[in-house]
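Contents: one structure, followed by commentary.
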Amino acid sequence: MAFDGARLYVPISDMANSMDASEKARNANAAPPRPGLYALDPHDGKLLWQSPADDVCLGRSSCDPGILASIAAIPGAVFAGHMDGRVRAYDAASGRVLWQYDTARELAALGGATAHGGSIGGGGPVVHDGMLYTNSGYGVYFHMAGNALIAFSVAGK
């Protein structure tokens, strides 16, 4: 979770298929999954907005649209990495997606090598000194493997 002094941002993975047979047996009649990003008022727990994650997996193995990794909040925006490989910037006040990038692909690495992105899990996006950094590729527990560390800047440098 992340807190910006006004709102508590809560990422939800809520996997459609966690591959946990005991969980499936207990939750046979559970509601459908609702992965995405949610904002709460920390004073009373009221839901301020919700931004459900759309499913772009299209049957890809080990792909899920939810948010498993930690998130980062800065003034005006929240950054979240999804298990489907997308990293997104959400408007802090409304939850509207401001920007996104699909990391689940081949990427040109520094030094001429090729990296490959996948699920964003474990540590999530980090903001520092005008840059956004994220890992991409988390091949544990039925997620898409990869080996990328990606840096973004506002100027695209």
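The values are calculated or read from the model by the stated rules, or taken from the named source; none is laboratory data. Predicted, not measured: the structure shown is a model, and the values here were computed from it. We place every Cβ from the backbone using ideal geometry, glycine too, and count neighbours over all the protein chains shown. Calculation scope for accessible area: heavy atoms of the full protein, side chains included, ligands and nucleic acids excluded. Shrake-Rupley method; radii C 1.70, N 1.55, O 1.52, S 1.80 Å.
Identification of strands (runs of 3 or more DSSP E) wholly contained in region 112-157 with 1 or more residues that are open to solvent by less than 50 Å² (accessible area, probe 1.4 Å) yields 114-116, 131-136, 148-153. Within the bounds of region 18-37, is there any residue that is open to solvent by less than 70 Å² (accessible area, probe 1.4 Å), in contact with a Pro (Cβ under 7 Å, 6 or more places away or on another chain) and at pLDDT 95 or above? Yes, some residue in region 18-37 is open to solvent by less than 70 Å² (accessible area, probe 1.4 Å), in contact with a Pro (Cβ under 7 Å, 6 or more places away or on another chain) and at pLDDT 95 or above. The selection criterion, being in contact with a strand residue (DSSP E or B) (Cβ under 8 Å, 6 or more places away or on another chain), part of a strand (DSSP E or B) and open to solvent by 10 Å² or more (accessible area, probe 1.4 Å), does not hold for TYR90. If you check GLY81, GLY45, GLY66, GLY76 for being at pLDDT below 95 and among the small types (Gly, Ala, Ser), only one passes: GLY66.
As for region 58-80, it holds no residue that is open to solvent by 40 Å² or more (accessible area, probe 1.4 Å) and touching a Lys or Arg at 6+ places or on another chain (Cβ under 8 Å). Per the conditions (1) closer than 20 Å to PRO11 by Cβ; (2) free of Cβ contacts under 8 Å to residues at least 12 places away in the same chain, the sole criterion not satisfied by ILE120 is (2).
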